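Novice: Pasting a structure here, questions to come.
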Amino acid sequence: MASVREVAFELFREHGMTTVFGNPGSTELPMLAEFPEDFRYVLGLQEAVAVGMADGYAQASGRPAHVNLHTAPGVGNGMGAIFNAQANHSPLLVTAGQQVRAQITMQANLTNRDATRVVHPFVKWSFEPPRAQDVPHALARAIHTASLAPKGPVFVSLPMDDWTEEADAESGHVIERVAEPRMGPDPAAVESLAERLNAASSPALVAGPDIDASGAWDDAVALAERQRLPVFASPAPGGGRLGFPEGHPLFQGVLPPAIGPVTETLKGRDLILVVGSSVFPYYPYIPGPLLPEGASLIAITSDPDEAARAPMGDVILADVGLALRALLEEVGEANRAEPDPLPEPTAGEETDPLTPTMVQHTLAQVFPEDGIVVLESPSSTLSLRNQMRISRAGSYYFSAGGGLGFGLAAAIGVQLAQPDRPVVCVVGEGSVQYAVTAFWTAAAYDVPVTFLVLRNEEYSILKWFADIEEVTGAPGLDLPALEVAKVAEAYGVSSTAVSGRDELHEALRVAIGSSKPELVEVPVTPGMALF
Ligand SMILES: Cc1ncc(C[n+]2csc(CCOP(=O)(O)OP(=O)(O)O)c2C)c(N)n1
């Protein structure tokens, strides 16, 4: 008879989940015993890193990823990253070891007392199997739940004595079950949307992150081209991925993130079609009308919660890719004037230190066509978008949740999922600190990410927020002397500190071309870089 462990690992194998991210403790060791040779364990030295790596891996592979944490404190350390994974619609199986069943009631040391409650708000499903024999079924249910729309993290608490128990004779069925996750749209709703589009005189498309996640990139482009739609990216803070090629002539820029400015930007549009985004990931609070005068809005999302919580507009609930495909079958060529393309990005004169805009401009010059950016440089998010105009699917990852620590960790996960594509992690020196031990994993597993660290000696974006919030005299916004290059070097990542455009250009060219993790640190002027 097979053990619970054997059935569980067969289940993981069947779902292609042979990479396990984690940070182990004594309660996890029984799961890891006799670790099969066709599996790989990727060690994160702190749980935020383990979860962030799994998040990047899940998104960039398009498959659920498994991260194993150490009972209550391990889960606690991973919470911010689990929150990010939820916002990213990232299908994560989060498991944690639990005390031996016989010692849970007496709450022996390391008992995760309220295991299912701790993570509850940040996961789709949180469970501790009632019997050892239920472990494979619970894991199967968790994997399906994570993979069904909206994709997201799930949690299973696993008592450490379950693994060696004999599995239920019928448990093989859960290994083989397939749950096709994509739900198609109501044909009548698609027809009515097509009529609205055809009747509109000045419609616009707002492209969101789930276009990329659902593999609908080419269909979004086809729709925009056929209907001659000006295209805006959904506001950057909530946009973990791109929904449209940003170098395309129809692309009109990233929507600003606040209510009033979004409406101002969309002024004059009579129909706003939002695809694969919530409506909208606003922040900060700049009030105003929710829609321009005379405009109506309709959104396509696969997330029932996004559908329900939008403050305005109509919605079609369906897989974004299937809905776009169905819409393309209904709409013909529109005879509208095309908008003027965005002007070519410019970076101004070279300064000392460089502006973040010049840094991103320089990166754009050396960036390979198949490169991927993982971004966590808060005050220069928009300048990176503008300077790089990334135009290929699956090439940009950002934390939709806004919790720092995503960047370094996710970049490693993305690179492991896409070993043939060069990954560049663009990160602020403040953001580095939330997942700094990720450098060790990059070095230990030889993950050839290029880390580009922008050093402005402060929390620049918080100074910008302070202005908007009319806050003066806030402490804790300066970061003198954070020596990221030296710290990364100590973790085993070869690092160079550069200044000036030529040095930066050369260092990036070498680092991106190298097959090892490399770090380039560059001082930059402080302040918000919008273009
Ligand atoms: C976990 C977490 N803690 C705190 C914050 C608040 N926060 C947002 S941006 C930021 C500053 C980041 O600094 P840095 O990476 O140097 O980027 P800069 O603002 O200078 O561009 C902070 C602390 C956050 N988003 N997430």
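The values are calculated or read from the model by the stated rules, or taken from the named source; none is laboratory data. Here the structure is a predicted model, which is why all the values come from computation and not from measurement. Quick reminder, even Gly has a Cβ in these numbers, built from the backbone with ideal geometry, and neighbours come from all protein chains shown. Side chains are part of the model used for accessible areas, which takes the heavy atoms of the whole protein and leaves out ligands, DNA and RNA. Shrake-Rupley method; radii C 1.70, N 1.55, O 1.52, S 1.80 Å.
Novice: Counting other Cβ atoms within 10 Å, keep those with at most 13, restrict to DSSP loop, and tell me which GluC sites (Glu not before Pro) in region 15-46 are left. Mind dumping the intermediate values first?
Specialist: Details: sites: GLU28, GLU34, GLU37; in loops: GLU28, GLU34, GLU37.
Sites meeting the loop and neighbour criteria: GLU34, GLU37.
Novice: How much area per residue is accessible in the chain when the probe is 1.4 Å and only protein heavy atoms are counted (Å²)? Walk me through the numbers on the way to the answer.
Specialist: Working: 21150 Å² over 531 residues.
Averaged over the residues of the chain, the accessible area is 40 Å².
Novice: Quick check: the distance between the Cα centres of region 143-221 and region 239-306, to the nearest angstrom?
Specialist: Their Cα centres are 22 Å away from one another.
Novice: Once you have all Cα-Cα distances for the chain, histogram them in 20 Å bins from zero and send the whole-percent values.
Specialist: 22, 52, 24, 1
Novice: For the full complex of protein chains and a 1.4 angstrom probe, list VAL522, VAL221, VAL178 by accessible area with the highest value first. Working shown, then result.
Specialist: On the way: VAL522 0, VAL221 25, VAL178 110 Å².
Sorted by accessible area, descending: VAL178, VAL221, VAL522.
Novice: While we're here: What are the residues whose amide H is under 5 Å from the amide H of CYS425, where those residues sit 5 or more places off or on another chain and H is modelled from the backbone?
Specialist: VAL374, THR450, PHE451, LEU452
Novice: Separate question: For region 1-102, what size does the Cα cloud have along each of its three principal axes, sorted from largest down, in whole Å?
Specialist: Principal-axis extents of the Cα atoms in region 1-102, largest first: 41, 30, 20 Å.
Novice: Considering amide H positions built from the backbone, and no H for Pro or chain starts, which residues 5 or more places from VAL524, or on another chain, come under 5 Å of its amide H?
Specialist: ARG455, ASN456
Novice: Same structure, new question: On the accessible surface of region 215-287, probed at 1.4 Å, how many percent belong to carbon and sulfur atoms?
Specialist: Numbers: 1200 of 2190 Å².
Ligands and nucleic acids excluded, carbon and sulfur give 55 percent.
Novice: On full extension of the chain, what length is gained from ALA490 through GLU349, given 0.36 nm per residue of separation minus the C-alpha to C-alpha distance? If you can, show how the numbers build up before the last one.
Specialist: On the way: separation 141, 0.36 × 141 = 50.76 nm, distance 3.49 nm.
So the extension gain works out to 47.3 nm.
Novice: Using modelled amide H (1.01 Å from N, peptide plane; none on Pro or chain starts), what sits under 5 Å from the amide H of ASP314, excluding residues fewer than 5 places away?
Specialist: For ASP314, whose amide H was placed from the backbone, the distant partners under 5 Å are LEU297, ILE298, ALA299.
Novice: Related question: Report the one residue of MET388, ALA146, SER157 whose Cα lies farthest in the direction of the positive end of the charge dipole of the chain (charges on C-beta: Lys and Arg +1, Asp and Glu -1; origin at the Cα centre).
Specialist: SER157
Novice: Return the calculated 222 nm mean residue ellipticity for the chain, to the nearest 500 deg cm²/dmol, obtained by summing -39500 (n - 2.57) across DSSP H runs with n ≥ 4 and dividing by the residue count.
Specialist: On the way: 21 runs with 193 residues, N = 531.
Helix contribution divided over all residues of the chain: -10500 deg cm²/dmol.
Novice: Next up: Just to make sure I understand: if all protein chains stay in place, what is the order of GLU457, GLU349 by accessible area at 1.4 Å, largest first? Let's see the in-between values first.
Specialist: Details: GLU457 75, GLU349 150 Å².
If we order GLU457, GLU349 from most to least accessible, we get GLU349, GLU457.
Novice: Continuing with this model, one more query. Can you compute the modelled spin-label distance between THR105 and ALA481, with each label point 7 Å from Cα toward Cβ, in nm?
Specialist: Those two pseudo-labels are separated by 5.8 nm.
Novice: Just to be sure I follow the rule: in the chain, considering lysines 8 or more places apart or on different chains, how many pairs have Cα atoms under 30 Å apart? Kindly include the intermediate steps, with their values, before the conclusion.
Specialist: Details: LYS124/LYS151; LYS267/LYS463; LYS463/LYS486; LYS486/LYS516.
Count of close lysine pairs: 4.
Novice: Of the accessible area of region 294-375, with the probe set at 1.4 angstrom, what percent is carbon plus sulfur?
Specialist: Working: 1790 of 3930 Å².
Carbon and sulfur: 46 percent of the exposed surface of region 294-375.
Novice: Obtain the nm distance between the two label points defined at ASP467 and ARG226 by a simple spin-label model: each point lies 7 Å from its Cα along the Cα-to-C-beta direction.
Specialist: 4.4 nm
Novice: May I ask you to evaluate 6.51 cos²θ - 1.76 cosθ + 1.60, the Karplus curve with θ = phi - 60°, for each residue of region 40-49 and list the ³J(HN,Hα) values in order in whole Hz, giving x for glycine and proline?
Specialist: Using θ = phi - 60°, the values come out as 10, 9, 10, 7, x, 7, 8, 5, 4, 6 Hz.
Novice: A further question follows. Ranked by accessible surface with a 1.4 Å probe, highest first, in what order do LEU69, LEU29, LEU290, LEU479 come?
Specialist: In descending accessible area the options line up as LEU29, LEU290, LEU479, LEU69.
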